[in-house]
Amino acid sequence: MSGIIVAIDGPAASGKSTTARRVARRLGYSHLNSGLLYRTIAWLGLRDGWIDDANRFSCELEDLRITMERRPPGFVIRVNGEIPGEALAASRISLRASHVAARADVRERVLDILRAAGMDGGVACDGRDIGTIVFPGAALKIFLVASAEERARRRLEEHGIEPDRERLELEMIRLRERDARDSERDLAPLRRAPDAIEIDTTRLTPDEVVDDIVVLAVERGARVVDDICDSV
Ligand code: CDP
């Protein structure tokens with residue numbers, strides 16, 4: 001595989017994964033979703049009962065076999081041979097993921113996996129520290145932002161929940177709490193890389209965001225292989 005690296009960072013529910021997935025499709029690349037690795041570790045730690053056990057955590061982490069196999073338009077994650085399913089999207093996993101993501105041993109492990117997966121280029125990778133730490137040499141760096149209310153609305157709709165006022169307020173509190181933890185931690189905090197291009201997606205459709213990024217990617221040497229802007 002060849003191609004550039006497109007790094008897409010931003011706060012929770014700013015549209016990073018949808019955007020990265022569609023950009024990857026348009027360019028014939030693979031979507032590398034870094035958040036899924038933190039979610040996978042949190043999910044397994046919760047299920048197997050070591051997430052809150054300070055003594056066991058590092059040993060269990062060391063023993064985990066985590067693999068990412070490139071299968072365009074994405075990657076298949078396996079942990080000890082198991083493919084984690086829909087459970088990763090649950091909001092309690094999001095919160096737990098942001099806790100485990102503050103640990104140095106977890107970050108080191110995830111960093112190695114991501115760099116190995118993106119080694120040959122041709123990836124659209126999304127997360128919090130992709131343009132700053134994981135792929136600081138990425139040819140294209142994007143920082144997505146959106147208002148807290150719009151992000152809360154999108155997250156509720158993603159989960160099939162009617163975004164009434166009360167639920168919106170609650171979801172905004174949850175997102176702000178996670179953003180604060182992600183931005184204020186010492187290790188690889190959520191930051192816009194100095195050379196990242198910021199796009200405010202509050203009033204843009206996913207297609208508009210994807211089109212803008214594809215144009216920027218082409219300017220940096222990528223080729224479009226799929227002209228149809230799909231809704232997948
Ligand atoms: O989709 P959403 O933005 O809600 O979350 P995610 O990208 O799946 O990430 C879940 C959690 O993993 C985040 O709240 C971060 O704490 C952590 N994360 C990180 O620290 N660094 C990354 N590159 C990606 C995710």
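The values are calculated or read from the model by the stated rules, or taken from the named source; none is laboratory data. Everything quoted here is computed from the prediction, not taken from an experiment. As a convention, Cβ positions derive from the backbone with ideal geometry for all residues, glycine included, and neighbour counts pool all protein chains shown. Ligands, DNA and RNA are stripped out before the accessible areas are found, and what is left, the full protein with its side chains, is counted by its heavy atoms. Shrake-Rupley method; radii C 1.70, N 1.55, O 1.52, S 1.80 Å.
Per-residue answers, yes or no, for (1) among the hydrophobic types (A, V, I, L, M, F, W, C); (2) crowded, with 19+ Cβ neighbours inside 10 Å:
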| residue | (1), (2) |
| --- | --- |
| Gly81 | no, no |
| Ser91 | no, no |
| Asp120 | no, no |
| Gly131 | no, yes |
| Ala139 | yes, no |
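On the given criteria, is Val110 within 13 Å of the ligand (Cβ to nearest atom) and open to solvent by 10 Å² or more (accessible area, probe 1.4 Å)?
So Val110 does not fit the description; no.
Please indicate, with yes or no, whether at least one residue in the range 4-15 is open to solvent by 10 Å² or more (accessible area, probe 1.4 Å), within 12 Å of the ligand (Cβ to nearest atom), closer than 27 Å to Ile213 by Cβ and among the β-branched types (Val, Ile, Thr).
no
Here are some residues: Thr201, Thr132. Which one is in contact with a Ser or Thr (Cβ under 8 Å, 6 or more places away or on another chain) and either under 22 Å from Arg107 (Cα atoms) or at pLDDT 95 or above (or both)?
Just one listed residue meets the conditions, Thr201.
Quick check on my filter: what residues within the range 25-61 are exposed (fewer than 14 other Cβ atoms within 10 Å of the Cβ), among the hydrophobic types (A, V, I, L, M, F, W, C) and part of a loop (DSSP other than H, G, I, E, B)?
Hits for the range 25-61: nothing passes.
From the residues in the range 158-193 that are small (Gly, Ala, Ser) and more than 11 Å from Ala102 (Cα to Cα), which one is farthest from the ligand (Cβ to nearest atom)? Working first, answer last.
Keep residues of the range 158-193 that are small (Gly, Ala, Ser), which gives 160, 180, 183, 188, 193.
Checking the rest, the ones that are also more than 11 Å from Ala102 (Cα to Cα) come to 160, 180, 193.
Working: Gly160: 16, Ala180: 11, Ala193: 12 Å.
Looking at residues that are small (Gly, Ala, Ser) and more than 11 Å from Ala102 (Cα to Cα), I get Gly160.
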